[in-house]
Each structure stands twice: as C-alpha cells, then as structure tokens.
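Worksheet: one structure, shown below.
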Amino acid sequence: MSVLRSTLDPAGPDVAAARESMLAALEEIAAETAKAVAGGGEQAVARHQARGKMTARERIELLLDLDSPFLELAALAGYGSQFAVGGSVVAGIGVVSGVECLLVANDPTVKGGSSNPWSLRKTLRMHEIALANRLPLIALVESGGADLPTQKDVFIPGGAVFRDLTRLSAKGIPTIALVFGNSTAGGAYLPGMSDHVVMIEKRSKVFLAGPPLVKAATGEESDDESLGGAEMHARVSGLADHYAADEQDAIRIGRRIVARLNWRKKGPSPAPVLKPRFPAEDLLSIVPPGLRSPFDPREVIARIVDDSDFDEVKPLYGTSLVTGWARLHGYPVGILANAQGVLFSAEAQKAAQFIQLANRSHTPLLFLHNTTGYMVGREYEQGGIIKHGAMMINAVSNSTVPHISVLIGNSYGAGHYGMCGRAYEPRFVFSWPSARSAVMGAQQLADVTYLVSKASALARGKPFDEDGAQVVRTMIEQQITAESMPLVLSGMVYDDGIIDPRDTRDVLGVALSAIHSAPVEGTDAFGVFRM
Ligand code: COA
C-alpha cells in the first residue's frame, strides 16, 4: 500500500482564497445549468403540461431505476450561442432495468424540440459515447425536426444521426425509440432506424410529410392519424412494435424492452470500493485562484482514488508529470497528472512509456490536465522536445485502453493534445470550473500578435501605430481569455460537462462503470516512435 499524504492546510489563507474563487465559479455555472433545466421557460412548460405531457426531465426520471444516479452530459451545450442553453436536448447516462444506457431526450418546450446546430452536435457526441462504450441508446422523441431558420447547418450533417443509429445496431448495441409526440419528415427515421419502437395512442405522429404537404405534393386529402398515428403504425404499417396507452405506459414498456435485452457488460468487474482518506470538500481549495501558481495534483488524486492509495511510477524522473496506478470506485486506472505545468522531454517520454504499460495491463487511463504546453526555447528544441512530444502524442493516439480527461487547470497548446484533449477521443472529458484551454495563454497570444504585426510593418517599411496596436493587443487578450473559459468550451460541446470538483470521484465512477460495458483491451500497435 502506498497511501498518499496531504500537506493541504485547511486553515491556511491560500486555501480560503482558492475555495472562495471556486465557489464563485460554481455559482455562475449553476445559474447557466438552471437555464437548461428550465427548458423553454415557464410559459412553454405550462403549455406543455396543460396538454397532459411530461417534460423531458420527468420522462427521464420515470424511465430510470428508482434512486439510481443519472450523469447528465453536455448540459450546457449551446451556451453563448443564439439558442437556449442545453441545445433543446437532455442527455446522459442512467440505469434502466439494471442496465446502464445512454438517454437522449428532445425537450419539446424549446422551439418544439427542433434540432439546432448545438442539438445536433450534442446528439452526435452522445452517439459517439454510446458506440465507444457499448451503451444501449434510448431516444425519447418529440421534435419539430430541423430548426428551419438554421437548416443549412443542420440538414446535411444531420444525416449522421440516422446513420449512427443503424451502425449502433450493426454493432449489436440496442437502439430504442420511445415516441412521445412529433417525429416527422427526417425525424421519422428516428423510429425508422431503431431496433425497438414504442408509440403512444393519439400522441405519436410519425410521417414523412404532414397533411398540408401531402395535399400540396399529391393532392391527397389526409389527416394526422391515418398518415402517421400510433394506432396506424401499430396495426397497419408495422413501424411501431408497441402501442402504449399513455406516456407512463410507454415508459413502462421501454423499461420492459431493456429488461429483455439480456444485456451483459463485457469489461472486467470492479474490486470492492474503498473511500478516499481525505474529504472531497477539500477539492474546492486546491486550485489557486486564476491558476497563478502550480499545485500538487497528488492532493487531487488523494481525494478521488480508492483508499487514497497510489503507486507512483518514475516519481524521481520527469517530475512535472505524475504517473501511477490506483483504483477508482473499484476500477483500476493509470493516472497521468501535470504537476509544474510545463511538459519537458523527460515528461513526454515518461508519459509514452506509461501509456504503453497501461496498454500491456489493459488499464484505463485518467488524464488530469494542468499544463501550459511543451517547453519552448533553444535548449529544449535542440534537446528534441518536438520528437518527444510527438512520442507522447503517438502513444495517446494509438492507445486502445479507454481514456478519460479532466481539465482541472490549464490545458494549453500541444500539451492539451498530449494529455488526450477532445480530438484524441477520450471516452469522456470533464472540466472543473477552474479549467482554461486555448492554443496558448491569452497574454502570450496577444503578445505574439502584437510582435508579428510590428515586425511585418517594419519589414515593409510602413509606419507602425503603437497606440492602435496596444488597443488591439488588449482586445485580443480579453477575447482569448473569454474563449478559454470552461463555460464557452462546454457550450461548444468540447467537453461532456463542467463538474463540481467535489463530484469528481463519483462522476468518474459512473463514467468508468459505463466504459466497462465494452471490453477493455490494450494494444502494442503504436506508430513508429521517433527516438
Ligand atoms: N424550426 C424552428 N422553430 C420551430 C420548429 C422548427 N422546425 N418547430 C417549431 N418551432 C418553434 C415555433 O416557431 C414556436 O416558436 P415560438 O415559441 O418562438 O413562437 C415554438 O417552436 C413552438 O411551436 P408550436 O408550433 O407553437 O408548438 P406545438 O407544440 O403546438 O407544435 C410542432 C410543435 C413541432 C408539432 C410544430 O411546431 C411543427 O409542426 N413544426 C414544424 C415541423 C416540421 O415540419 N419540421 C420540419 C422537419 S425537417
């Protein structure tokens, strides 16, 4: 046993400042999350409920096993855009009839549940998660289809929604559509492409074209029910496998469908779970406000892993990156955590070796980000920082054990890539409110832009407007600072959610459990390592 110790002084002044700053950031995020929970707002929700319908969140709650956890994903999709926060979709991982499933529910109170570019991005990300982790997918459908004013951003890429459904099915991952209302035009292929379809009497409407369009196209007189009502699809077309009496009945049937999947997880089972030896509450107090100074990631590890037990590998070498083995909610994990911020050649090589070891032992990897990137400068370039960084990126790219990334602090430049940023397909990516991510720090980026424009003016023999350039420099710094914030990044669906640091262990526990629905297998097939 190698139980971590903590040097965190709960009464210290730094701790109080860190805690205050984290709580303030959490408050801001809670306010945005409340907007997503409010859906289309009081009026739209009241109108929806007056029609005897449940909200998307009520439907999900009823579908899940009583008192089981629900890990909501991408809750803040669309933040900062012209669309409502949440992307008119509620999604996450929950347990239905004892099976961990991925749930994707349209929110019909937001613009009739229509799909805007953020809804689409979120939905496609959910499909990726279902596919990579082998999670049965349950769609709770009620949507006005593509958001018509932004159809150019939705229509062509949106075809992937239906493609994904059949690819999931082809991989033996069940797809279930519970149709609560409208699912017309392209939306008709949601039930059309699903393995199991439940429709509700007088509620579900599934047709390629509604009565007005049919009239315009062919002159035929028709009505909703004969074109695409639940009864017609259950008795005549055969598109509905189950004919539910009402919403509750549809959910009951959905739960029975999952119960009959005879589903078995393919990953190894967890060991008995031991709690960390230090309180989760301390996780609010570790990151210094504004990330002004480095912090020891072992303080975080001690509060998220089982029994705070961590076997560090190469602790004396490449000390700016901590690598080691632990268990989390009973699941083995290899952890890579930035310590001093900068990645040097030694850290990159250490990471590459550690990732290979994790693949040999089929151990999932957890990346805790706090890096400003790979070291720059003559000494480091001559020392081969590019090829060593490339070695780490090669290892991360080709590793086949599941990866999870948590952006705790900085995640800048190629360091974000080496630490398994979003483009490196981690199974899940979460951010703390203290996270910051961009191609480089805002000040450096503004300085670079200023220096380049000055050098360019001088090279062309043009006069250089120093005052104007300083204004631009300040504006760029402000813009990049704003763009590096987790709310903005989460709004773009560059992560799967911003989490309260205190929830880190449990969020990772749910994610690891979901990951183990699929087999966990390492590889020895990496790219050519440039030595
Ligand atoms: N794109 C953009 N906005 C849409 C929309 C769509 N596809 N469907 C509905 N909306 C908007 C409405 O304009 C309205 O906006 P507002 O609240 O700002 O006025 C809001 O969503 C609610 O629509 P409403 O028609 O009042 O709600 P409803 O619950 O009575 O009906 C639908 C919902 C989806 C049945 C109905 O709006 C509809 O038929 N929409 C068009 C469906 C369609 O043909 N889609 C194209 C498929 S590719």
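At a glance:
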| quantity | calculated |
| --- | --- |
| Two-site label geometry, Val273 and Ala245: point separation in nm, points 7 Å out along Cα→Cβ | 3.7 |
| For the stretch 339-442, size of Cβ-based charge dipole, Lys and Arg +1, Asp and Glu -1, in debye | 140 |
| Surface accessible to a 1.4 Å probe, Leu366 within the full protein complex, Å² | 10 |
| Kirkwood hydrodynamic radius of the chain, Cα pairs, Å | 24.9 |
| Average Cα contact separation per residue, the chain, under 8 Å, 6 or more apart, as relative contact order % | 15 |
| Burial ranking of peptide ranges 377-385, 30-38 (average Cβ count within 10 Å, highest at the top) | 30-38, 377-385 |
| DSSP-loop GluC sites (Glu not before Pro) across the stretch 209-298, with at most 12 other Cβ within 10 angstrom | Glu220, Glu221 |
| By average C-beta atoms within 10 angstrom, highest first, the peptides 145-157, 42-54, 81-93 | 81-93, 145-157, 42-54 |
| For the stretch 99-257: accessible area per residue (Å², 1.4 Å) | 42 |
| Charge-dipole axis of the chain as Lys and Arg at +1 and Asp and Glu at -1 on Cβ define it, positive-most pick from Gly210, Ala234, Ala352 | Ala352 |
| Order by protection proxy (mean Cβ within 10 Å, highest first), peptides 493-501, 125-133 | 493-501, 125-133 |
| Descending Cα extents along the principal axes, the stretch 285-432, whole Å | 45, 37, 30 |
| Cα-based convex hull, the stretch 159-209, per residue volume (Å³, whole number) | 56 |
| Nearest-20 debye value, the chain charge dipole, Cβ charges on Lys, Arg, Asp, Glu | 1140 |
| Dipole of the stretch 9-127, positive end: most advanced residue of Val96, Met54, Leu66 [Cβ charges, Cα centre] | Met54 |
| Residues of the stretch 392-432: accessible area per residue with a 1.4 Å probe, Å² | 23 |
| Proximal charge balance of Gly491 [Cβ under 11 Å; K/R count +1, D/E count -1] | -1 |
| Residue pairs, from the table Lys111/Lys171; Lys314/Lys387; Lys111/Lys265; Lys35/Lys275; Lys111/Lys202, whose Cα atoms sit over 26 Å apart | Lys111/Lys171; Lys111/Lys265; Lys35/Lys275 |
| Residues with amide H under 5 Å from that of Leu208, placed H, sequence gap 5 or more | Ala185 |
| Potential lengthening between Gln82 and Ser293 on full extension [0.36 nm per residue; Cα-Cα distance subtracted] | 72.4 nm |
| Selection from Ala455, Gly383, Ser397, by position along the positive dipole direction of the stretch 303-462 (Cβ) | Ala455 |
| Size of charge dipole - the stretch 1-111 - debye, nearest 20, with Cβ of Lys, Arg +1 and Asp, Glu -1, no other charges | 500 |
| Under the span-like rule (Cα at least 30 Å along the axis, Kyte-Doolittle mean at least 1.0), DSSP H helices of the chain | none |
| Portion, in percent, of the accessible area of the chain that falls on carbon or sulfur, probe 1.4 Å | 55 |
| Pair Ser361, Glu425: separation of 7 Å Cα→Cβ label points (nm) | 2.5 |
| Set of aspartates and glutamates near Lys266 by C-alpha distance (under 17 Å), chain-local residues within fewer than 8 positions excluded | Glu100, Glu521 |
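The values are calculated or read from the model by the stated rules, or taken from the named source; none is laboratory data. Since the structure is predicted, the reported quantities are computational estimates derived from the model, not experimental observations. Every residue, glycine among them, receives a Cβ derived from its backbone with ideal geometry; neighbour counts consider all protein chains shown. Ligands, DNA and RNA are stripped out before the accessible areas are found, and what is left, the full protein with its side chains, is counted by its heavy atoms. Shrake-Rupley method; radii C 1.70, N 1.55, O 1.52, S 1.80 Å.
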